[in-house]
């Protein structure tokens, strides 16, 4: 598929490399450069929406993970770790901050007295429901430049690419 669009900043970088190093195939640099630039733009726009709820992407991830777990909106710290792929120290810090804000609470685990469960509070549930509504609306806005078919095609291609790193 040939790109008939106006050259972008990445095209200009690639042209410079092709001029200076014609011996290198810099096509992957274009793909990865665009993915990186897109990631930065999307992250900025996503953070802006989450900030309207007093959240950042890290705190939202914890709350959203608990919310999508279903009623009673609680998981063990190890289940949260597995779902979010962060270190235990990072997770502890996130939970501490959310607990200070009254958004989550640590509860005794009735199945294992030695462990705890992390649960959404009523305040946390209300906040994450509001935030996820705005987050999804923002995702629609961020992807509206692509048709439904293009979104599906890009999703399929990215799934193949991601499988290399997350088999």
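Taking the criterion of being over 20 Å from the mean Cα position of the chain (by Cα), part of a strand (DSSP E or B) and free of Cβ contacts under 8 Å to residues at least 60 places away in the same chain, would at least one residue in the stretch 130-149 satisfy it? For the stretch 130-149, residues over 20 Å from the mean Cα position of the chain (by Cα), part of a strand (DSSP E or B) and free of Cβ contacts under 8 Å to residues at least 60 places away in the same chain: absent.
Taken together, the residues in the stretch 19-31 that are exposed (fewer than 14 other Cβ atoms within 10 Å of the Cβ) and part of a helix (DSSP H, G or I) amount to 5.
When 67, 34, 94 are checked against the criterion of being touching a strand residue (DSSP E or B) at 6+ places or on another chain (Cβ under 7 Å), assigned to a helix (DSSP H, G or I) and in contact (Cβ under 8 Å) with a residue 12 or more places away in the chain, 67 stands alone in meeting it.
Contact map, the stretch 151-166: residues that are more than 16 Å from residue 31 (Cα to Cα) paired with residues that are assigned to a helix (DSSP H, G or I), Cβ distance under 7 Å, separation 6+ or inter-chain. Pairs shown: 151/143.
Throughout, read-outs are computed from the coordinates displayed, never taken from laboratory work. Every value quoted in this text rests on a predicted model; they were computed, and no experiment measured them. Virtual Cβ from ideal backbone geometry, glycine too; neighbours counted across all protein chains shown.
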